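Shown next, in structure tokens, is the structure this report addresses.
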Amino acid sequence: MLYAIPTVLRTLIATFIWSKSIDNTAAPLRFHLRHEHAVSNDSRIVFSNIVPSFFEESYQISTTKVKAHRPTSFTAFSNARTRSLRQAQTMPLHWADVEVPGPDVQKRENLQLLAKMTYNSYFAPGDKEWYELGPGWNSSYPFGWEPDADGFRGHIFVSEDNSTVVISIKGTSAGWVAGGSSATTKKDKINDNLLFSCCCARVGPTWSPVCDCYSGGYRCDQTCVERSLIEESLFYPIGTNLYNNITYMYPDANIWVTGHSLGGALASLVGVTFGAPVVAFEAPGEKMAAKRLHLPSPPSAQHITHIYHTADPVAMGTCTGITSSCAIGGYAMESRCHLGKSILYDTVGKLDWSVDIRTHPIKVVIEKILNEDWDPENGVEVPAAEEEKDCVDCFNWEYGDYKNLTRHKFPHWA
């Protein structure tokens, strides 16, 4: 027998369901450092577990519902990417609309904690530069930070209920990034110059480019530079392998990715591949790299959030030219357009900062930007997250099939 629900009760139920449907908040999450990740000399991803401490303090990040688009599988994504790269054909790819808990990027304390997580990925726990996030976060000297180790590395944080994993990715190890260099500096520079330069890091006639795609004047062979990126870039495929490993270790978990500089750009590329929420700090523009890597474009990349400020020439794409600080250090950081949305701090206009490469380190962001609300008088913790508009990369360069034309006209050059 069916019983009618009283009108008052129906009203209460409807009100509850409606309030849940419009509520964009989710429960806060508490995280602990659980693993460290690194790449061995034979390119295997290696994990070092952190032994939990009885006195370990947990750290809370408030969350919000984040809409993202995910491919039906990584295999489908890879097949579409391969077809685009090899045959210049677009392969239909189904994207699933999902809504997952992600970090609330409009909360300053959330950004500061994520920034500390990614800052610490430059160092072994216990290093003098390590941000003390609480007792129990330190561990013994892990694999991947030995003096002769190189490549992609960082940390893995897991929520207390194992529902959410945060992957932090180290950026470029150089004096103007994190306060010192390391064994990873050489590979970091190769990836920077492949991913973020207009054409193989050919800044001037005295430079040794990282690929042979320059075709005279401001001309660059498009196919050549794309193939160079695929064949020689090491870190993007390592990032996707790492993500797949984490999904195997935590099959039911929601995964976030964070990083600084090169690590932030890699976090974004991994995030757009898997539809994972991303918070990237002071990253160079990675939209051009995503196109050159032939990453299929989701309907929206609003699950990716970039945090940077106007005095940082790397993130702003103004660290260019043979006399720039980047060029003096051997870096061609020429891209400027970012995926997703950006939280841009106007440190030049509001704080009277000068544009200077020394403002690029994540430590500057943590201690001089995220240590207080941006506009406390109006109750604004951080600037609004907005999509970049009218952004163009390498506008003075021409891209075409110049190498093939040259070989066709002068076959003895081939």
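The numbers here are math on the coordinates, done by the rules we state, and not lab data. Nothing here was measured: the structure is a model prediction, and the numbers come from that model. Quick reminder, even Gly has a Cβ in these numbers, built from the backbone with ideal geometry, and neighbours come from all protein chains shown.
Summarising the label geometry, the points placed 7 Å from Cα in the beta-carbon direction at ILE328 and LYS368 lie 1.7 nm from one another.
Give me the extension gain from ARG219 to THR90: residue separation times 0.36 nm, minus the current Cα-Cα distance, reported in nm with one decimal.
Details: separation 129, 0.36 × 129 = 46.44 nm, distance 2.56 nm.
Extra length available between ARG219 and THR90 comes to 43.9 nm.
Inter-part distance, the range 324-339 to the range 237-277, computed on C-alpha centroids, equals 24 Å.
With the convex hull of its Cα atoms as the shape, the range 361-403 has an orientation-averaged projected area of 6.1 nm². Structural descriptor for the range 245-379: relative contact order 21 percent, calculated from alpha carbon pairs under 8 angstrom and at least 6 residues apart. Its alpha carbons give the range 204-255 an Rg and a Dmax of 17.6, 52 Å. The base-10 log of I(q)/I(0) for the range 292-414, evaluated at q = 0.09 Å⁻¹, reads -0.38 [Debye formula, identical scatterers on Cα atoms, solvent excluded].
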